[in-house]
Amino acid sequence: MEYAVETGRAMSEQDRSVEATFQLEARRLRNFIRRQVPDDVDAEDVLQDVFFELIEAYRLMKPVAHAGAWLFQVARNKIADLFRGRKPTIADGERLFTADLLPSPTKGPDAAFANRVLMAEIETALDELPASQRAVFVAHEIEGRSFKEIAAETGVSVPTLLSRKHYAVLFLRRRLQTIYDEMEGRKK
């Protein structure tokens, strides 16, 4: 129990630190990104990915000495990824399944059955998530809403939403790993 209290206190300090960095740097960083990325949606995605990287660094206990400079370097890398025609790396890492992995129900009764089983497992796993994580995961991944939209609607900060989604993805990835491995094995 004492460990849980200490862990919770450390997480709370991390969250406050990330939130303070977000408040301090968000405007400058957003302006920097928008000058280089003409599409507003892409610019917001890059900004969200940059702050997700900051959250990840804190969660992995990788100290960020000069947060402002670090954020701008990550932003440059994300912008370069975007213009190379690739999705930013964090988006790749945050996807649970790709469309080519799901069996097409038009490929016959076996594929249709596999698709139904897979979707039922995903729904069950989603129901096992804490409500706050499930809500942000569904809003972002399934409904396609941006973190900025979700934050405006819920009043929850973007860094907190990013963190909740990150934990949801980690849980779902662990929970659905066996099914994922089976699907990959069938493709080969």
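The values are calculated or read from the model by the stated rules, or taken from the named source; none is laboratory data. Not measured: the values here are computed from a predicted model. Cβ atoms come from the backbone with ideal geometry, glycine included; neighbour counts cover every protein chain shown.
For the stretch 121-137, what are the residues that are assigned to a helix (DSSP H, G or I), of a type outside the set (Asp, Glu) and modelled with pLDDT of 85 or more?
Answer for the stretch 121-137, where residues must be assigned to a helix (DSSP H, G or I), of a type outside the set (Asp, Glu) and modelled with pLDDT of 85 or more: 124, 125, 126, 131, 132, 133, 134, 135, 136, 137.
Out of the residues in the stretch 1-26 that are of a type in the set (Gly, Ala, Ser) and closer than 30 Å to residue 82 by Cβ, state the one that is modelled with the lowest pLDDT.
Only one residue tops the list, namely 17.
When the stretch 59-74 is examined, which residues are found to be more than 15 Å from residue 158 (Cβ to Cβ) and either assigned to a helix (DSSP H, G or I) or of a type in the set (Ser, Thr, Tyr) (or both)?
59, 67, 68, 69, 70, 72, 73, 74, listed by residue number.
Out of the stretch 27-57, which residues are within 13 Å of residue 81 (Cα to Cα) and either in contact (Cβ under 8 Å) with a residue 60 or more places away in the chain or not in a helix (DSSP H, G or I) (or both)?
Across the stretch 27-57, the qualifying residues are 37, 45.
Mind checking whether some residue in the stretch 139-146 is out of contact with any strand residue (DSSP E or B) (no Cβ under 9 Å at 6 or more places or on another chain), under 19 Å from residue 56 (Cβ atoms) and either of a type in the set (A, V, I, L, M, F, W, C) or assigned to a helix (DSSP H, G or I) (or both)?
Looking through the stretch 139-146, at least one residue is out of contact with any strand residue (DSSP E or B) (no Cβ under 9 Å at 6 or more places or on another chain), under 19 Å from residue 56 (Cβ atoms) and either of a type in the set (A, V, I, L, M, F, W, C) or assigned to a helix (DSSP H, G or I) (or both).
Looking at residue 153, is it modelled with pLDDT under 85, within 20 Å of the chain's Cα centre (by Cα) and not in a loop (DSSP other than H, G, I, E, B)?
Judged against the criteria, residue 153 is not a match.
Report whether or not residue 47 is farther than 17 Å from residue 18 by Cβ and either at pLDDT below 70 or surrounded by 12 or more Cβ atoms within 10 Å (Cβ to Cβ) (or both).
When the stated conditions are applied, residue 47 does not pass them.
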